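I have placed the structure first, in the form of structure tokens, so that the comments after it can refer back to it.
The values are calculated or read from the model by the stated rules, or taken from the named source; none is laboratory data. Small disclaimer: the values here were computed from a predicted structure and weren't measured. Methodologically, a virtual Cβ is constructed for each residue, glycine included, from the backbone with ideal geometry; neighbour enumeration extends over all protein chains shown. Only protein heavy atoms, including side chains, enter the accessible area calculation; ligands, DNA and RNA are left aside. Shrake-Rupley method; radii C 1.70, N 1.55, O 1.52, S 1.80 Å.
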Amino acid sequence: MSATFQSFDDLASPAQGTRHIPLLRAELLRRGLDGFVVPRADEHQSEYVPASADRLTWLTGFTGSAGTAVILRDAAAIVVDGRYTLQAAQQVDTSLLTVVPQAETSAESWIEAHLGTGVLGYDPWLHTAKSVDALRRAVTRAGGRLEPVGTNPLDAVWADRPAPPTGAVSLHPDALAGEAAAAKLARLGDTLRTERLDGLVVSDPHNLAWLFNIRGADIAHTPIALGYGIVPRGGRPILLLDPAKLSAEIGQALSQVADLRPPSGLAEALGAVAAGGKRIRIDQATGAEALTRLVEEAGGFADAGADPLTLMKARKNAAEISGAREAHRRDGAAVARFLHWLDRAAATRPPREIEAVEALEAFRRDTGALRDISFPTISGSGPNGAVVHYRVTRQSDRALRPGELFLVDSGAQYQDGTTDITRTVAIGEPSAEMRDRFTRVLKGHVAIARAVFPRGTSGAQIDGFARRPLWEAGLDFDHGTGHGIGSYLSVHEGPQRISKLGGTALEAGMILSNEPGYYKTGAYGIRIENLILVESRDVPGGERPMLGFETLTLAPIDRRLIDTRLLDAEERSWLDGYHAAVWQALSGLLEPETRDWLAAATAPLG
Ligand code: ZN
Ligand code: ZN
């Protein structure tokens, strides 16, 4: 088996905390600090951080994607959300670190209760201005003092810290981007004028990639280049990237639209743009507090708000949409081959979770177009399927067993589009309860897919559509119904989402996921996920401009798990129509055996 994009090693070790926390404490003592905050963040508040920025794991052993450690002289805590309380308790040295569930005690409350009158240090590159405000309030209430550090004390004692990544930057072809960087910069200039801003700091590497039509290789699964942009209104943009990432050719191409500088030039470049009372937008979600300080030290005004590029990027243009359709046809064929393989294997010798991940990735590699997976595949059989953020390791790997459900959530990065799909598959004969729950999740999925709503409607307003069939049975699920998705960028992209917190209006051209689920702890998990495109809808006789969704993902939904008595005529007709579209799109791409399997898998409900 060739190496996969996904690794199955569990790098967690409580011994890491045992070794490293005393090193950090000694360094804090040398610097006269009584404590230090270590968030699971890099300079861009990235969801996935490079190894060089994975300070929380190095310090504590905890490998989850969110969490904050607070190290004081005689006490230390790691604050994690509900997804990670069990995992953290297994991964950290609990004699040194108290695992604190965030729902009960925030990092700020813990600090307030334990700091006393001491000096708490923080790295201003790893916190947003807003999160520093919250920290400062807590520290003040405790009677202590919050102090930014010039250099990170943890980095000072991290002896074998990996070097920051220098993945090669490539150009994202205009044909796939659908708009040249110069045209995007001109549109951004208009927005800066409208919002009365003198400039923008692009701190989100996804926005940087979109704006300059570049892609990078600094982080696993997301093709971004870590760096910054500074866009003065009316002036020439500055692109700050490590020169080691740029070939002469790429450097030359980018110099057409921007001045290229190394990241070490950030303070000087930003100071020059901000000087003289200029109003500079700092993205409140990804901009480090250090950026705010640089603007203010130069005599400028730091305007905390949303980076306008986030919304511009979310509205996909015609080229990006046609790329997404092409990516979904290619990916759908790979997923169909995988599901066919899975059905055959399940009938003879059910595979293990890791084997399933390897097989799926192999089918995607066979397309010849796979650049990466878009996130580590969630391959959960039986009770593992009920762990929403499950990632299989060599230790947790288990065989798929007859009578169980198998949940597989995966995605691919192709140059023309990013995919994200979940299918839940019956291994052997499912129980009546499993079929009932699956059908309710399906009904919720169909309700979103068929939704028609007036322009201006937010994701929060339709989130309940996906839950109603579960609510009617006294059930629910504890995650959002859908998230935005990038064009050969992040699998999680804002600002739009379908969730209780989704306040952004949905607009034509946005791509989201539609992924309701149901989880029975210790037993099984169910999720059905397709990506959907927001588009205009003509409603005959209607008065308002309306929107609806086109489903982009193309792969059969397991008919063996459907209790057809629970579906109404419109839901049946949606499913039959969807399956007809899957057959239409994929059958010509498949070899005869898989085509026969697909014909049965996409046949109309009886
Ligand atoms: Zn997914
Ligand atoms: Zn998703």
message: Given the criteria of a type in the set (Ser, Thr, Tyr), on the phi < 0 side of the Ramachandran plot and buried (at least 20 other Cβ atoms within 10 Å of the Cβ), does Ser322 qualify?
response: no
field: Top-ranked residue of the stretch 163-172 - restricted to ones that are open to solvent by 50 Å² or more (accessible area, probe 1.4 Å) and part of a loop (DSSP other than H, G, I, E, B), ranked as farthest from Thr418 (Cα to Cα)
entry: Ala163
- prompt: Hey, any hits in the stretch 431-448 for a residue that's more than 16 Å from ligand 2 (Cβ to nearest atom), open to solvent by 30 Å² or more (accessible area, probe 1.4 Å) and assigned to a loop (DSSP other than H, G, I, E, B)?
  reply: yes
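So which of Glu535, Glu472 is away from ligand 2 (no atom under 15 Å from the Cβ), under 16 Å from Ala314 (Cα atoms) and open to solvent by 20 Å² or more (accessible area, probe 1.4 Å)?
Glu535
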field: Some residue of the stretch 199-220 being more than 15 Å from Leu309 (Cβ to Cβ), out of contact with any helix residue (DSSP H, G or I) (no Cβ under 7 Å at 6 or more places or on another chain) and not in a loop (DSSP other than H, G, I, E, B)
entry: yes
field: Condition check for Asp397: in a loop (DSSP other than H, G, I, E, B), at negative phi and either buried (at least 24 other Cβ atoms within 10 Å of the Cβ) or away from ligand 1 (no atom under 16 Å from the Cβ) (or both)
entry: yes
message: Every residue in the stretch 456-469 that is within 29 Å of Ala412 (Cα to Cα) and open to solvent by less than 30 Å² (accessible area, probe 1.4 Å), please.
response: Ser458, Gly459, Ile462, Asp463, Gly464, Ala466, Arg467
- prompt: Regarding Ala369, is this residue out of contact with any strand residue (DSSP E or B) (no Cβ under 9 Å at 6 or more places or on another chain) and either aliphatic (A, V, I, L, M) or within 14 Å of ligand 1 (Cβ to nearest atom) (or both)?
  reply: no
- prompt: Counting only residues that are among the small types (Gly, Ala, Ser) and surrounded by fewer than 20 Cβ atoms within 10 Å (Cβ to Cβ), which one in the stretch 481-506 is nearest to ligand 2 (Cβ to nearest atom)?
  reply: Ser499
- line: Counting only residues in the stretch 63-73 that are assigned to a loop (DSSP other than H, G, I, E, B) and at pLDDT 95 or above, the one most open to solvent (accessible area, probe 1.4 Å) is identified as Arg73
- prompt: Restricting to the stretch 411-430, what's the tally of residues that are within 12 Å of ligand 2 (Cβ to nearest atom) and without any contact (Cβ under 8 Å) to a residue 60 or more places away in the chain?
  reply: 0
Residues located in the stretch 507-517, provided they are crowded, with 24+ Cβ neighbours inside 10 Å and either more than 14 Å from ligand 2 (Cβ to nearest atom) or of a type in the set (Phe, Trp, Tyr) (or both): Met510
- prompt: In the list Phe338, Phe375, which residue meets the criterion of being open to solvent by less than 30 Å² (accessible area, probe 1.4 Å), within 16 Å of ligand 1 (Cβ to nearest atom), closer than 20 Å to Asn530 by Cβ and outside any helix (DSSP H, G or I)?
  reply: Phe375
- prompt: How many of the residues making up the stretch 560-604 are farther than 30 Å from Ser536 by Cβ and open to solvent by less than 70 Å² (accessible area, probe 1.4 Å)?
  reply: 13
task: Enumerate the pairs (first residue in the stretch 28-39 and at pLDDT 95 or above; second residue anywhere and aromatic (Phe, Trp, Tyr) and in a strand (DSSP E or B)) with beta-carbon separation below 8 Å, excluding pairs fewer than 6 apart on the same chain, so at least 6 apart or on different chains.
output: Leu28/Phe36; Phe36/Tyr122; Val37/Tyr122
message: Looking at the structure I just gave you, is Phe453 open to solvent by 40 Å² or more (accessible area, probe 1.4 Å) and closer than 14 Å to Ile532 by Cβ?
response: no
- line: Gly548 passes all but one of the listed conditions (1) open to solvent by less than 10 Å² (accessible area, probe 1.4 Å); (2) within 16 Å of ligand 1 (Cβ to nearest atom); the exception is number (2)
